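The values are calculated or read from the model by the stated rules, or taken from the named source; none is laboratory data. Here the structure is a predicted model, which means the values were calculated and not measured. Every residue, glycine among them, receives a Cβ derived from its backbone with ideal geometry; neighbour counts consider all protein chains shown.
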Amino acid sequence: MSNEYHLADGSPRYGHRTEATPPADQPAPAAGIRVEEAAEGAARLGLDDMAAAIDRRLGSAWADAPDPALAALRKENPEELAAARALVKLHLGSQRQWRMKAQAVRDKQLSEVVKRRKASGNALQILIMRLGLMAALITLPAYIVVTDQDNIVKLLIVGALCFVAALAGGHVVTIRARVPVMPTIRGPWLGELREDVVNATLVAILQNKGAALDRRTAVAGRRGWESIQAAAKAVAALRG
């Protein structure tokens with residue numbers, strides 16, 4: 001996507017441009033910031049990055065309550081906020097589409113692990129274990145239904161046993177597979193990450209227009225996205 005907020009020389013298309021040094025409490029309009037930066041970066045996140053970013057956000061004091069300055073910025077700039085949301089949606093899609101993109105990123109990251117499992121024969125063993133577990137869970141209830149379908153109590157007991165066996169067997173198969181467990185991504189918390197991306201995009205749009213943002217508000221607007229980046233870097237370091 002082309003950057004409609006810059007001129008050919010890289011300066012902001014909108015707002016007054018001056019060479020004067022800004023006051024200490026007010027940064028100069030950041031001509032070098034691309035408005036797509038946060039949205040493009042968020043589109044490259046994997047599920048593990050998302051999970052780490054959510055955990056980091058939940059443990060951060062700044063995320064306990066909305067920042068008043070940031071809330072006021074969003075309220076005072078409805079057009080720019082709508083533009084930020086549209087840009088984020090263009091790169092991420094819906095919440096479900098963003099999650100699917102992150103799943104694809106994770107699958108690609110684990111592709112080498114899967115290749116090693118296949119080369120060692122471990123993948124075949126896991127497949128056999130899964131098929132055996134499925135057969136066991138289907139055979140016993142089917143036998144009860146065929147031979148004694150009127151015995152509701154027996155069916156309930158067998159159903160409960162199959163449920164426990166499925167959990168235990170799945171646990172064993174997961175351990176033997178030696179593939180990192182799929183992280184749990186809760187929708188509301190993922191929505192908070194998305195708003196962090198929107199906030200960073202909003203700040204970038206306003207700065208490229210030459211809007212006079214005080215330093216505290218600009219920092220608050222980018223804090224969430226910077227937290228996501230820090231979490232993703234930590235995950236990358238653990239992955240090697």
Test: ALA160 is exposed (fewer than 11 other Cβ atoms within 10 Å of the Cβ) and assigned to a helix (DSSP H, G or I): yes
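Could you say which residue among ALA42, ALA82, ALA52, ALA38 is surrounded by fewer than 15 Cβ atoms within 10 Å (Cβ to Cβ), at pLDDT 95 or above and in a helix (DSSP H, G or I)? Break it down into steps so the answer makes sense when it comes.
Details: ALA42 fails: surrounded by fewer than 15 Cβ atoms within 10 Å (Cβ to Cβ); ALA52 fails: surrounded by fewer than 15 Cβ atoms within 10 Å (Cβ to Cβ); ALA38 fails: surrounded by fewer than 15 Cβ atoms within 10 Å (Cβ to Cβ).
Checking each option against the conditions leaves just ALA82.
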Only one of ALA177, ALA123 that is within 29 Å of the chain's Cα centre (by Cα), closer than 30 Å to ARG56 by Cα and modelled with pLDDT under 80: ALA177
Some residue of the range 226-234 being closer than 20 Å to LEU81 by Cβ, surrounded by fewer than 18 Cβ atoms within 10 Å (Cβ to Cβ) and outside the structural domain of MET134 (by TED's automatic domain parsing): yes
Hits in the range 163-179 - residues which are in contact (Cβ under 8 Å) with a residue 60 or more places away in the chain and surrounded by 13 or more Cβ atoms within 10 Å (Cβ to Cβ): ALA177, VAL179
Verdict on PRO188 being in contact (Cβ under 8 Å) with a residue 40 or more places away in the chain, out of contact with any strand residue (DSSP E or B) (no Cβ under 7 Å at 6 or more places or on another chain) and not hydrophobic (A, V, I, L, M, F, W, C): no
Subset of the range 180-197 that is within 11 Å of the chain's Cα centre (by Cα) and β-branched (Val, Ile, Thr) - its residue that is nearest to GLY224 (Cα to Cα): VAL197
Those residues of the range 198-217 which are modelled with pLDDT of 95 or more and touching a Phe, Trp or Tyr at 6+ places or on another chain (Cβ under 6 Å), in sequence order: ALA200
Condition broken by LEU90, with the remaining ones in (1) hydrophobic (A, V, I, L, M, F, W, C); (2) surrounded by 15 or more Cβ atoms within 10 Å (Cβ to Cβ); (3) under 23 Å from GLY41 (Cα atoms) satisfied: (2)
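Among GLY191, GLY187, GLY221, which is the only one that is small (Gly, Ala, Ser), within 19 Å of ARG85 (Cα to Cα) and surrounded by 18 or more Cβ atoms within 10 Å (Cβ to Cβ)?
Details: GLY191 fails: surrounded by 18 or more Cβ atoms within 10 Å (Cβ to Cβ); GLY187 fails: surrounded by 18 or more Cβ atoms within 10 Å (Cβ to Cβ).
Selected residue: GLY221, the only one of GLY191, GLY187, GLY221 that is small (Gly, Ala, Ser), within 19 Å of ARG85 (Cα to Cα) and surrounded by 18 or more Cβ atoms within 10 Å (Cβ to Cβ).
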